[in-house]
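Worksheet: the structure to be examined is printed underneath.
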4 protein chains.
Amino acid sequence: MARARSGARPRPFSGADSALLIIDVINDLAFPGGERVLPWALRMVERLAPLARRLRRAGLPVIYVNDNFNHWRSDFRDVFRHCTRAGSRGSPVARALAPRASDYFVLKPKHSAFFSTSLVPLLEHLGTKRLLMAGIATNLCVFFSAHDAHMLEYDITVLSDCCCAESDADHDLALDQLQRFLGVKVCRADQARTRSTRRPRRPRGGRA
Amino acid sequence: MARARSGARPRPFSGADSALLIIDVINDLAFPGGERVLPWALRMVERLAPLARRLRRAGLPVIYVNDNFNHWRSDFRDVFRHCTRAGSRGSPVARALAPRASDYFVLKPKHSAFFSTSLVPLLEHLGTKRLLMAGIATNLCVFFSAHDAHMLEYDITVLSDCCCAESDADHDLALDQLQRFLGVKVCRADQARTRSTRRPRRPRGGRA
Amino acid sequence: MARARSGARPRPFSGADSALLIIDVINDLAFPGGERVLPWALRMVERLAPLARRLRRAGLPVIYVNDNFNHWRSDFRDVFRHCTRAGSRGSPVARALAPRASDYFVLKPKHSAFFSTSLVPLLEHLGTKRLLMAGIATNLCVFFSAHDAHMLEYDITVLSDCCCAESDADHDLALDQLQRFLGVKVCRADQARTRSTRRPRRPRGGRA
Amino acid sequence: MARARSGARPRPFSGADSALLIIDVINDLAFPGGERVLPWALRMVERLAPLARRLRRAGLPVIYVNDNFNHWRSDFRDVFRHCTRAGSRGSPVARALAPRASDYFVLKPKHSAFFSTSLVPLLEHLGTKRLLMAGIATNLCVFFSAHDAHMLEYDITVLSDCCCAESDADHDLALDQLQRFLGVKVCRADQARTRSTRRPRRPRGGRA
């Protein structure tokens, strides 16, 4: 009922139409093949952590979309605690990419970041049109999330050095298919256009 | 990626095909008209709190589906803290209906409990076919959630003394429409069939 | 597969961000109470038919969203034939509002025009932001479609003299609730702003 | 409004929980690469056409889910006519697989058969739990539809000789990924279990 009659919502990042989606990096890597993902994930962290910092400074939203690990309690902290518990294979990755207070969290029950989640209304709320996509695994949750984003007509860039899979072959194949069949842009973090495309409110000539 | 290859999930309440949906009771009642909802909500608590206890003891899932109050951080505890802060009009209602560790939480961004949420996969996970619906407000979030549940072909009972609105007129009208046009069952908490319909594991011949 | 690599689509009504949604007027009115809807529907036709003509001339899309009557064959013509068959109570309404070749048709399986239909992608394709809503019945399919449109953040106007219900009371109550609780605009057909708000391409001063 | 108060629907294929999904075979193959799909599609027809006949005789639903080719008019016949027009590359495939009066048609606006379509309510209406999937192309619309079916927890079998792609490599890779990552069953048409799993009405002892 809280929402009745409100309608309009503030758009916190007024000039920004881009957001960084970080998929399934808060992860215990306990699935079969997780041991093969780990070394790639540690390399991914080296590129993704500084990129996220850079985007936060630029005022762009950083959105973690993460498996709920069968916790159905809408509690991202439980998921974070679960994945950084003693003995969790993915703990160093999760810790290095721990979200900040200004970040957004969406828990998902299945592969796609868009399936039965509030991601679309959140992106509407933020005014997001362009998605920079990163995370684990290139050929599963990143891949299927990118496909749903494509059907929903978002402008998509997948950051090749900010996502990873069990093997280079799986990773490269997924990126190749996203480019060939969906027209998704693929580039490295240092090539991503992270300045906002819409900057309507900055006064011209104001900066001497 | 965590979900890859798992498929099957445990169904924790083996004999139960019912669940209690409690909508928007964790609420600061700060919206226009909230002051008129409060006395009705306090009466509602007297019926809903014991019902929830009874259902928990019977092993039925209790699911809180609650507005995210523009917190987009998948954190039910933040929402609870926000609604029970000093000066929150809805604090006594939220405290009296505070969820237990075994309950489920789903945050929703709009009126309907089903719109851009993981409620359907959660109900699949639990094996739920029958919904007992309660909460605030009868003529908004309960009403529109019941309609979506109807389109999704769940068996629905709205508990008349476990939901409330700004006025008796709004409350009665909404219940009347749900019955007339959607064929939704309406009854009091003490009339609700809260025993499971499927009881496959009770040993035959055990009742002398 | 046809869509692979295409992405961009022509937006046929270049200056228009409005569309007329006509809900369930191709109807046999065979449901209980349909006999009470008929006289109101015949009055509705007198306003809705000329409005639709006016909007077509102005280049605005006219979209029929209609119950599939349990024909699951994606064939609007079958539905039209079914509802205009000899003995169909709703035949005069359906005939008077027969769609034109330039109109769009969406078949829906349930009350809401948005539930399990391609209406959202069609509105994206057309560039529609503002919906003018009309049809049968004010308090059911129009009402629930308006609510879904509200959750999806469309700008909504319900045309009071272009929709109808079983009784004046049902009709008025539904319009009152849409205004009070969802902030939906309600006006008559002759008050509707049917000129496009975006008219970037029409040369100024060109109409002498 | 037609649906108000009806709720229950007949389930026409009483013993069947399976259905055949035929994806995008009514196709003009006018997309880039369509000329490479054609020879594989002609081979596919030789297996798929007799399978569809066999399933129809067994009383199983055959559901065509097909791109709308930017016709937004809910009219499968228009799409069929478009794809079988003089000069359409895909005409021989579409003609050989022309649907019968008892088949179901669902038009889709994007790759996945489940995205913004009425396929889920149709499958509910039919009581379908198991999907046999076929069509064009193995690595695009069949692949992404299978993934959505997986998230929706249907039991899925992809019929390897009843779908095709631009090349054997694309086809084999997609089937391999569906098996490895989603646990989808893959088999030939002659291996598919096409007898219903639920056969409640066949009299016992009837087969001598």
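The values are calculated or read from the model by the stated rules, or taken from the named source; none is laboratory data. Predicted model only: the values in this text are computed from it and were never measured. FYI the Cβ positions are ideal-geometry reconstructions off the backbone, even for glycines, and counts take in every protein chain you see. The protein model used for the area step is the full one, side chains on, heavy atoms only, and it has no ligands, DNA or RNA in it. Shrake-Rupley method; radii C 1.70, N 1.55, O 1.52, S 1.80 Å.
Overview of values
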read-out	value
Residue count for the range B:51-87, restricted to those that are over 30 Å from A:Y64 (Cβ atoms) and under 14 Å from the mean Cα position of the chain (by Cα)	6
Residue check, C:A2 buried (at least 21 other Cβ atoms within 10 Å of the Cβ), away from chain D (no Cβ under 13 Å), at pLDDT below 95 and under 30 Å from D:D28 (Cβ atoms)	no
Within the range B:83-97, considering residues that are open to solvent by 20 Å² or more (accessible area, probe 1.4 Å), in a loop (DSSP other than H, G, I, E, B) and not charged (D, E, K, R), the one nearest to the other protein chains (Cβ to nearest Cβ)	B:G87
Residue match in the range C:137-158 (condition: under 14 Å from C:W40 (Cβ atoms), within 14 Å of chain B (Cβ to nearest Cβ), aliphatic (A, V, I, L, M) and touching a residue at least 40 places away in the same chain (Cβ under 8 Å))	yes
Candidate set from the range C:103-118 (those that are in contact (Cβ under 8 Å) with a residue 24 or more places away in the chain and within 14 Å of chain B (Cβ to nearest Cβ)); member that is nearest to the chain's Cα centre (by Cα)	C:A113
B:R73 closer than 16 Å to B:L97 by Cβ, in contact with a helix residue (DSSP H, G or I) (Cβ under 8 Å, 6 or more places away or on another chain), open to solvent by 10 Å² or more (accessible area, probe 1.4 Å) and at pLDDT below 95	no
Matching entry among C:R100, C:R180, C:R81, C:R95 (being within 21 Å of C:P50 (Cβ to Cβ), among the basic types (K, R), free of Cβ contacts under 8 Å to residues at least 12 places away in the same chain and out of contact with any strand residue (DSSP E or B) (no Cβ under 6 Å at 6 or more places or on another chain))	C:R95
Matching residues in the range C:66-82 - criterion: being at negative phi and either within 7 Å of chain D (Cβ to nearest Cβ) or assigned to a loop (DSSP other than H, G, I, E, B) (or both)	C:D67, C:N68, C:H71, C:W72, C:R73, C:D75, C:F76, C:R77
Residue match in the range D:24-44 (condition: modelled with pLDDT of 95 or more, in contact with a strand residue (DSSP E or B) (Cβ under 8 Å, 6 or more places away or on another chain), assigned to a strand (DSSP E or B) and surrounded by 15 or more Cβ atoms within 10 Å (Cβ to Cβ))	no
Residue in the range B:46-57 that is within 11 Å of chain A (Cβ to nearest Cβ) and either in contact with an Asp or Glu (Cβ under 8 Å, 6 or more places away or on another chain) or open to solvent by less than 20 Å² (accessible area, probe 1.4 Å) (or both) present	no
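Here's the yes/no breakdown for (1) among the basic types (K, R); (2) more than 20 Å from C:K108 (Cα to Cα):
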site	(1), (2)
D:A98	no, yes
D:L119	no, no
D:H125	no, no
D:R130	yes, yes
D:D148	no, yes
D:E153	no, yes
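For (1) of a type outside the set (S, T, Y); (2) surrounded by fewer than 18 Cβ atoms within 10 Å (Cβ to Cβ), each residue gets a yes or a no:
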position	(1), (2)
D:R81	yes, yes
D:P99	yes, no
D:S102	no, yes
D:P121	yes, no
D:H125	yes, no
D:A137	yes, no
D:F144	yes, no
D:H147	yes, no
D:E153	yes, yes
